[in-house]
Amino acid sequence: MIFDTGIYQRILGLDIASLLVKNDFDVVNKGKIAELFVGLELLKSNDVYEKTALYYWHREAKNSQAEVDFVIQIQDKIIPIEVKAGTKGSMQSLHLFLDEKKIELRNTTILRELFRI
């Protein structure tokens with residue numbers, strides 16, 4: 001399995017950076033590419049000799065579905081990660097997760113312009 005996003009893009013002949021900044025590129029595709037990038041970076045951040053899995057949170061309730069893209073553990077803390085490719089879109093699922101799991105995030109960082117979308 002290839003975990004280097006640069007090598008992976010090269011093998012596939014993709015220029016992700018140019019795709020992400022195009023105005024005519026579908027926002028749904030931008031979101032999937034951003035999620036893939038973040039997921040691969042999370043995998044790469046772990047010990048190379050440990051088998052690593054990615055986790056997410058999904059809730060289905062009557063008339064209310066919610067999903068958090070990634071859930072990671074750092075020491076004794078559970079950290080939800082919601083990936084957004086653009087500046088639009090709410091973080092309702094993230095807030096629902098925090099409320100349901102009674103998690104308080106004091107220092108949150110949102111990288112809005114990672115690719116200047």
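The values are calculated or read from the model by the stated rules, or taken from the named source; none is laboratory data. Here the structure is a predicted model, which is why all the values come from computation and not from measurement. Cβ coordinates were reconstructed from backbone atoms using ideal geometry, including for glycine residues, and neighbour counts include every protein chain displayed.
Residues being out of contact with any Ser or Thr (no Cβ under 6 Å at 6 or more places or on another chain) and either within 14 Å of H95 (Cβ to Cβ) or in a strand (DSSP E or B) (or both): count how many of those fall in segment 53-68.
The initial filter retains those residues of segment 53-68 that are out of contact with any Ser or Thr (no Cβ under 6 Å at 6 or more places or on another chain), namely 53-65.
Keeping just the survivors that are either within 14 Å of H95 (Cβ to Cβ) or in a strand (DSSP E or B) (or both) gives 57-61, 64-65.
Matching residues across segment 53-68 total 7.
Which one of the conditions (1) modelled with pLDDT under 85; (2) over 11 Å from the mean Cα position of the chain (by Cα) does A85 fail to meet, given that it meets all the rest?
It is condition (2) that A85 fails.
Check segment 12-28 and report whether any residue there is at pLDDT 75 or above, basic (K, R) and either within 23 Å of L105 (Cα to Cα) or surrounded by fewer than 14 Cβ atoms within 10 Å (Cβ to Cβ) (or both).
Scanning segment 12-28 turns up no residue that is at pLDDT 75 or above, basic (K, R) and either within 23 Å of L105 (Cα to Cα) or surrounded by fewer than 14 Cβ atoms within 10 Å (Cβ to Cβ) (or both).
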